[in-house]
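A.B. asks: There's a structure below that I have some questions on.
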């Protein structure tokens, strides 16, 4: 069964460093998403991406964040200058279509900022 | 704005007991979609079910059943004859037409004791 994959599973970085989280969505899906979950809290939407552009973003997704689909396979989330409060589990998701269709989530990348 | 409330923070049951997880949602949209996801201790988010606002039929899948009531804005999830493997955090989520984001509730942690 096709699945969303994410690398790395755990990333430790120092405050102020740039990180890139990588995802490979399910191959025939058209919509891609990033969510984050601070430890013990709810899952929060960051951004959605369709047709090579951002289609929606939340207030969390400020200028420090960017997304890209560099090669038609990977979907990446870049945090330019990490802060302590960026420590969270980051989930990538994909769906065949938008709101009406279920989103399939990857296993997550745990980001620890020290 | 959309909102999902899962008032039960944590539920503990003994194996073979039935358990119902509550979900109450708020939206002004007339077309919307409701979801349940399971997050086992390993951390991934597993899709369980999707329901659209025009389909109030209850659904049963094995030991799982869902009760959707528009009159009370609720989409409750019942596990019959619970098992230890059901131990997880369960999230209810909502999306609306025209938006990509899933709005998640805060989750209910279910502990099934042997």
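Coordinate-derived values only; no laboratory data. The shown structure was predicted, so the numbers you read here are calculated from the model rather than taken from an experiment. With ideal geometry, Cβ positions are generated from the backbone for all residues, glycine too; neighbour counts draw on all protein chains shown.
A.B. asks: Evaluated at 10 °C with a viscosity of 1.306 mPa s, what Stokes-Einstein diffusion coefficient in µm²/s does the range A:30-114 have when Rh comes from the Kirkwood expression over alpha-carbon pairs?
C.D. replies: This corresponds to a translational diffusion coefficient of 120 µm²/s.
A.B. asks: On to the next question. Looking at the protein assembly as shown, I'd like the Rg to Rh ratio, where Rg is from alpha-carbon atoms and Rh is Kirkwood's inverse mean 1/r.
C.D. replies: Values: Rg = 17.6 Å, Rh = 18.2 Å.
Reported Rg/Rh (Cα atoms, Kirkwood Rh): 0.97.
A.B. asks: For the range B:47-114, what is the relative contact order in percent, using Cα pairs closer than 8 Å and at least 6 residues apart in sequence?
C.D. replies: Value for the range B:47-114: 22 percent.
A.B. asks: Further question: What length, rounded to one decimal in nm, is gained on full extension from residue A:11 through to residue A:85, with 0.36 nm per residue of separation minus their alpha-carbon distance?
C.D. replies: 25.2 nm
A.B. asks: Give the distance, in whole Å, between the Cα centre of the range A:75-113 and the Cα centre of the range B:24-79.
C.D. replies: Cα centres, the range A:75-113 to the range B:24-79: 22 Å.
A.B. asks: Relative contact order for the range B:1-51: what percent, with Cα pairs under 8 Å and sequence separation of 6 or more?
C.D. replies: Relative contact order for the range B:1-51 comes out at 31 percent.
A.B. asks: Let me ask something else about it. Calculated FRET efficiency, residue A:50 and residue B:10, Cβ-Cβ r, R0 41 Å, to nearest 0.05?
C.D. replies: Computed FRET efficiency for residue A:50 and residue B:10 comes out at 0.65.
A.B. asks: Also: Relative contact order of chain B, please, whole-number percent, based on alpha carbon pairs below 8 angstrom and at least 6 residues apart.
C.D. replies: Averaging sequence separation for qualifying contacts and normalising by length gives 38 percent for chain B.
A.B. asks: For the range B:65-109, rounded, prolate or oblate, judged on the Cα gyration tensor with a ≥ b ≥ c (square roots of eigenvalues), a/c < 1.5 rounded, else prolate if a/b > b/c?
C.D. replies: Numbers: a/c = 2.96, a/b = 1.56, b/c = 1.90.
Oblate shape, in that a/c is at least 1.5 and b/c is the bigger or equal ratio.
A.B. asks: Highest GNM mean-square fluctuation, chain B, Cα pairs closer than 10 Å: which of B:47, B:75, B:104?
C.D. replies: B:47
A.B. asks: Write down Rg/Rh for the range B:1-104, rounded to two decimals, with Rg from the C-alpha atoms and Rh from the Kirkwood relation over Cα pairs.
C.D. replies: Ratio of gyration radius to Kirkwood radius for the range B:1-104: 0.96.
A.B. asks: Name the residue, out of A:43, A:19, A:67, whose mean-square fluctuation peaks in a Gaussian network model built on chain A with Cα pairs under 10 Å.
C.D. replies: A:43
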